[in-house]
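S.K.: Here it is: the structure, laid out below.
The values are calculated or read from the model by the stated rules, or taken from the named source; none is laboratory data. This structure is a prediction, so every number in the text was calculated from the model and none was measured. Cβ sites come from the backbone with ideal geometry, for glycine too, and all protein chains shown count toward neighbours.
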Amino acid sequence: MPIQSLIRTIPHYPREGIQFRDITTLLKDPVGFRLAIQELAKRYHDQELHKIAAIESRGFILGAPLAYLLGAGFVPLRKQGKLPAATLGQDYVLEYGTDRMEIHQDAVQAGERVLLVDDLLATGGTAQAATQLLTQLGAQVVECAFVIDLPELGGRKRLEGLGHAVFSLCAFEGH
């Protein structure tokens, strides 16, 4: 079963011209959800990973079971003001706005090998902010993994241009 076939496209959401790729249809399908997690776990099972860092909120759905299967710790990257202890923050530009991401200052130790996970790669602004936070804490970002890549929006090229390896389970043309 191709994962891409389980992802719903919602035209003109959240604004005119955007083709929103909705993974909730993948997540509600028990076989599809299991397949997505297994495919990611298979890719990284033989790599020494200390932590799986995931971007709020859909990244958490993927990152937590992946961390469990790989025997790694889980690190949430959250929107501003959501983490209770001392944080490090990074502003970033979204496809249709701006935001700020934070990580606990003690989330990773210098030299730890970290996999960054999220549901979708569009312009790469969110993932870039996440990699900057992880790098500032001394982590080695092994790869940035996504369920969906939207290649026309340039996120993969942006991250690769910064020296980060990128992997996705599927890609959709267009926005």
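S.K.: Out of Gly59, Gly89, report the one residue that is surrounded by 13 or more Cβ atoms within 10 Å (Cβ to Cβ), farther than 17 Å from Val108 by Cα and either among the hydroxyl-bearing types (Ser, Thr, Tyr) or in contact (Cβ under 8 Å) with a residue 24 or more places away in the chain (or both). Give the derivation first.
M.R.: Details: Gly89 fails: farther than 17 Å from Val108 by Cα.
So the residue among Gly59, Gly89 that is surrounded by 13 or more Cβ atoms within 10 Å (Cβ to Cβ), farther than 17 Å from Val108 by Cα and either among the hydroxyl-bearing types (Ser, Thr, Tyr) or in contact (Cβ under 8 Å) with a residue 24 or more places away in the chain (or both) is Gly59.
S.K.: Being modelled with pLDDT of 95 or more and over 21 Å from Val147 (Cα atoms) is the filter here, so list the residues in segment 99-122 that pass it.
M.R.: In the first step, residues of segment 99-122 are kept if they are modelled with pLDDT of 95 or more; the result is 100-121.
Correct list: Arg100, Glu102, Ile103, His104, Gln105, Asp106, Ala107, Val108, Gln109, Ala110, Gly111, Glu112.
S.K.: Select, from Tyr68, Tyr13, Tyr92, Tyr96, the only residue that is within 17 Å of the chain's Cα centre (by Cα) and modelled with pLDDT under 95.
M.R.: On inspection, the qualifying residue turns out to be Tyr92.
S.K.: Only one of these is crowded, with 17+ Cβ neighbours inside 10 Å, over 24 Å from Leu49 (Cβ atoms) and either within 17 Å of the chain's Cα centre (by Cα) or modelled with pLDDT of 95 or more (or both): Leu137, Leu83, Leu150. Name it.
M.R.: One residue alone meets the criteria, Leu150.
S.K.: Checking Asp119 against (1) under 21 Å from Val166 (Cβ atoms); (2) out of contact with any helix residue (DSSP H, G or I) (no Cβ under 6 Å at 6 or more places or on another chain), only one condition comes out false. Which one?
M.R.: Here Asp119 clears every test but (2).
S.K.: Please verify whether Phe33 is without any contact (Cβ under 8 Å) to a residue 12 or more places away in the chain, in contact with a strand residue (DSSP E or B) (Cβ under 9 Å, 6 or more places away or on another chain) and within 19 Å of Ser57 (Cβ to Cβ), treating the condition exactly as stated.
M.R.: no
S.K.: Among residues belonging to segment 4-45 that are out of contact with any Phe, Trp or Tyr (no Cβ under 9 Å at 6 or more places or on another chain) and among the charged types (D, E, K, R), point out the one that is surrounded by the fewest Cβ atoms within 10 Å (Cβ to Cβ).
M.R.: If we take residues in segment 4-45 being out of contact with any Phe, Trp or Tyr (no Cβ under 9 Å at 6 or more places or on another chain) and among the charged types (D, E, K, R), then Glu16 is surrounded by the fewest Cβ atoms within 10 Å (Cβ to Cβ).
S.K.: Within segment 54-65, which residues are outside any strand (DSSP E or B) and either over 20 Å from Asp22 (Cα atoms) or touching a Phe, Trp or Tyr at 6+ places or on another chain (Cβ under 7 Å) (or both)?
M.R.: Gly63, Ala64, listed by residue number.
S.K.: Only one residue in Ala129, Ala165, Ala110, Ala122 is more than 18 Å from Tyr44 (Cβ to Cβ), surrounded by fewer than 17 Cβ atoms within 10 Å (Cβ to Cβ) and hydrophobic (A, V, I, L, M, F, W, C). Which one?
M.R.: One residue alone meets the criteria, Ala110.
S.K.: Here's another thing I want to ask about it. Between a residue in segment 157-174 that is among the hydrophobic types (A, V, I, L, M, F, W, C) and any residue that is at pLDDT 95 or above and in a loop (DSSP other than H, G, I, E, B), which pairs come within a Cβ distance under 8 Å, given they are 6 or more apart or on different chains?
M.R.: Cys170/Ile7; Ala171/Leu150; Phe172/Ile7; Phe172/Leu150
S.K.: Just give me the residues in segment 42-66 being among the aliphatic types (A, V, I, L, M) and over 15 Å from Ile103 (Cβ atoms), in sequence order.
M.R.: Those that are among the aliphatic types (A, V, I, L, M) and over 15 Å from Ile103 (Cβ atoms): Leu49, Ile61, Leu62, Ala64, Leu66.
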